[in-house]
Amino acid sequence: MKYALLDRGDRLSRELSEQFQAQASTRGFVYDEEAPETVVTIGGDGTMLQAFHRYKNQLDRIAFIGIHTGHLGFYADWQKNEIVELLDLMASSEPRNIHYPLLHVEIDTAEGKETHLVLNEFTLKSAEGTLVAAIQINDEPFEMFRGDGIVISTPTGSTGYNKSLGGAVIHPSLEALQIAEIASINNRVYRTLGSSVILPKHHHCDIVPPDPEEELIIGVDHMLMARVGVRSMTCRVAEKKVTFARYRPFTFWNRVREAFIGSV
Ligand code: NAP
């Protein structure tokens, strides 16, 4: 098996990374950073976001595995003391590959179009304070937003920023995107639904800022970027999916319970 490894960069993650590589080579695994079949991350869910963006152009042939150095995560669901068990399973068995939906975002600017593939969420805020934006669903006007920002998440991202905003947790077998508001202002002119909205795969939403000269802060997972001259942003469920290799069952709802509720 050809694999690549990405760690968070802290001392513990680096030590575990060395341990993983030493044990992997004794089992005949080949380290290949350029064209791996499996990408292993050591750190947290944030480390998985970084690995996803490093390898997003090779999603068709890569499966991801995450090892967490702290509590269990949503993408990093092996613990630091389970590395030998994981490597033994990787050497002796075939994983069950599970595929999670992603978000596709197209940003139309004065300089052309740019696209992003998103694992957790796309975030939109204004650099100048309050964000004003028209939201359209399937090319029909839906609402006029005014407030701190908008978060559009994938099902696996629904447990991240979206959940802090009161959005629903969505099972990743549902191919959907979720639009959540950050502190909307509601009055006679600016009126939003108030609750989050979930769109199926065959729907899309456009976000249109009334003033294209406004500087926007765009978030793609853990990355923030500033853009001026944005005419519109279109979000839809991506055609591509991300693959995770499962060597043992760990259901989504158990992960939700472990992360947010604890033992019942
Ligand atoms: P960070 O601010 O260092 O960490 C944010 C936290 O979100 C970490 O505890 C991270 O877990 C956790 N996380 C990431 N993806 C998750 C998911 N799908 N479900 C549940 N928890 C998740 O930032 P970061 O590590 O670069 O991660 C960026 C992510 O932070 C964003 O994609 C967004 O989802 C989240 N975020 C949340 C808020 C909020 O809740 N108010 C605000 C901004 C961003 P680990 O500790 O395992 O890495």
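Where a number appears in this text, it was derived from the coordinates with a stated rule and is not lab data. These figures come from a predicted structure and were not determined experimentally. Quick reminder, even Gly has a Cβ in these numbers, built from the backbone with ideal geometry, and neighbours come from all protein chains shown.
Quick notes on this structure:
- Restricting attention to the stretch 115-148, the residues that are within 13 Å of the ligand (Cβ to nearest atom) and without any contact (Cβ under 8 Å) to a residue 40 or more places away in the chain total 1.
- Meets criteria (of a type in the set (A, V, I, L, M, F, W, C) and touching a helix residue (DSSP H, G or I) at 6+ places or on another chain (Cβ under 6 Å)) for LEU49: no
- For the stretch 108-126, the criterion of a residue being surrounded by fewer than 18 Cβ atoms within 10 Å (Cβ to Cβ), over 22 Å from the mean Cα position of the chain (by Cα) and outside any strand (DSSP E or B) is satisfied by at least one position.
- Matching residues, the stretch 3-42, being among the aromatic types (Phe, Trp, Tyr) and over 14 Å from GLU82 (Cα atoms): TYR3, PHE29, TYR31
- Strands (runs of 3 or more DSSP E) enclosed by the stretch 153-259 - at least 2 residues per element that are within 16 Å of the ligand (Cβ to nearest atom) and over 30 Å from TRP78 (Cβ atoms): 176-184, 216-220
- Verdict on ALA35 being farther than 22 Å from THR251 by Cβ, aliphatic (A, V, I, L, M) and touching a Pro at 6+ places or on another chain (Cβ under 8 Å): no
- Hits in the stretch 147-191 (condition: of a type in the set (Gly, Ala, Ser) and over 13 Å from LEU102 (Cα atoms)): GLY147, GLY149, GLY160, SER164, GLY166, GLY167, ALA168, ALA180, ALA183, SER184
- Of all the residues in the stretch 206-227, those that are among the hydrophobic types (A, V, I, L, M, F, W, C), under 14 Å from GLU121 (Cα atoms) and crowded, with 19+ Cβ neighbours inside 10 Å number 2.
- Within the stretch 187-204, the residues that satisfy the criterion of being loosely packed, with under 14 Cβ neighbours inside 10 Å and either farther than 15 Å from HIS104 by Cα or touching a residue at least 40 places away in the same chain (Cβ under 8 Å) (or both) are ASN187, ARG188, VAL189, GLY194, SER195.
- Among helices (runs of 4 or more DSSP H) entirely within the stretch 1-99, having at least 1 residues that are surrounded by 13 or more Cβ atoms within 10 Å (Cβ to Cβ) and within 15 Å of the ligand (Cβ to nearest atom) singles out 11-26, 45-55.
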